[in-house]
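Notes follow once the structure below has been shown.
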Amino acid sequence: MSLLDDLEAEVAQHWAGQSDGAHDIWHIRRVWASCQRIADGLDAPLDMQVLVIAAYLHDIVNIPKGDPRSKDAAQLSADHAVAWMAARDLPGQEAVAHAIRGHSYSAGHPCETLEAQVLQDADRLEALGAIGIARCFTVAGQMGAALAHGHDPLAQGRALDDKRFALDHFETKLFDVAQTLNTAPARAMAAPRVALMRAFQVALADEARI
């Protein structure tokens, strides 16, 4: 079995019975694809084995948003990855753990390696563009939030509240995410995604406002 097949099997086995459209095997595969695309645009060596393991196992412990334990998910995923690698006598365990810890927006761990920066960028690209919009509204639905405030969808006369209105999350977090990207290839990938989101934000506000 190849390393990639082994990782696919681990995710499938560990997530058996779970249903989360925002964090599924396709999210994992997209993150890995973005890691490769970012790496191709960098003029620097990368440990691709560290990167593929970190990409596939970065969300292996998936705790729902809103759960107070969710802030610990990255550390728990890093611990899981280290145990998985140790069982296979694979090198680079701390490098993988560091990258996984660093991908989390809420945990705020610094990314001190290029592999960690690439994984963080690839995961944050998932919060942008059409995929980012779809994932935002999927999670908002899981948390019971409305699509948008019907009278003031752009929060021009009220405080933003993304726990109640999904569209508010664009301003409270998602546009900020685009400003945190580490690498030039990721920033280039993000630019058209942000433009699409801004156009969608205006269109949804126009249609939702009554």
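Read the figures in this text as sums done on the coordinates, not as results from a lab. No experiment lies behind these values; they were computed from the predicted model shown. Cβ placement follows ideal geometry from the backbone for every residue including glycine, while neighbour counts extend to all protein chains displayed.
Just need the Rg to Rh number for region 156-210, please, alpha carbons only, Kirkwood Rh. If you can, show how the numbers build up before the last one.
Values: Rg = 12.9 Å, Rh = 12.5 Å.
Checking Rg against Rh, the ratio lands at 1.04.
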>> Could you work out the percent of alpha carbon pairs in region 44-128 separated by over 20 Å, rounded to a whole number?
In response: 26
> In debye, nearest 20: dipole of the chain around its Cα centre with unit charges on the Cβ of K, R (+) and D, E (-)?
Replying inline: 660
> Helix 48-57 sits at what angle to the longest principal axis of the chain, using alpha carbons and giving 0 to 90 degrees rounded to 10?
Replying inline: 50
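Evaluate the relative contact order of the chain (contact order divided by residue number), counting alpha-carbon pairs under 8 angstrom at least 6 apart; express in whole percent.
Working: 266 pairs, mean separation 39.2, N = 210.
RCO, the chain: 19 percent.
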>> I'd like the orientation of helix 73-87 relative to the chain: the angle between its Cα long axis and the longest Cα principal axis, in ° from 0 to 90, rounded to 10.
In response: 20
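Mind putting a number on the dipole of region 51-151 about its Cα centre? Charges go on the C-beta only, +1 for Lys and Arg and -1 for Asp and Glu, and I need it in Debye to the nearest 20.
Approximately 340 debye in magnitude.
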> Taking the simple approach of a point 7 Å from Cα along Cα-to-Cβ for both ARG198 and PHE175, what is their distance in nm?
Replying inline: 0.8
> Taking the Cα atoms of the chain alone, what are Rg (to one decimal) and Dmax (as a whole number) in Å?
Replying inline: 17.7, 60
>> I'd like the orientation of helix 184-208 relative to the chain: the angle between its Cα long axis and the longest Cα principal axis, in ° from 0 to 90, rounded to 10.
In response: 30
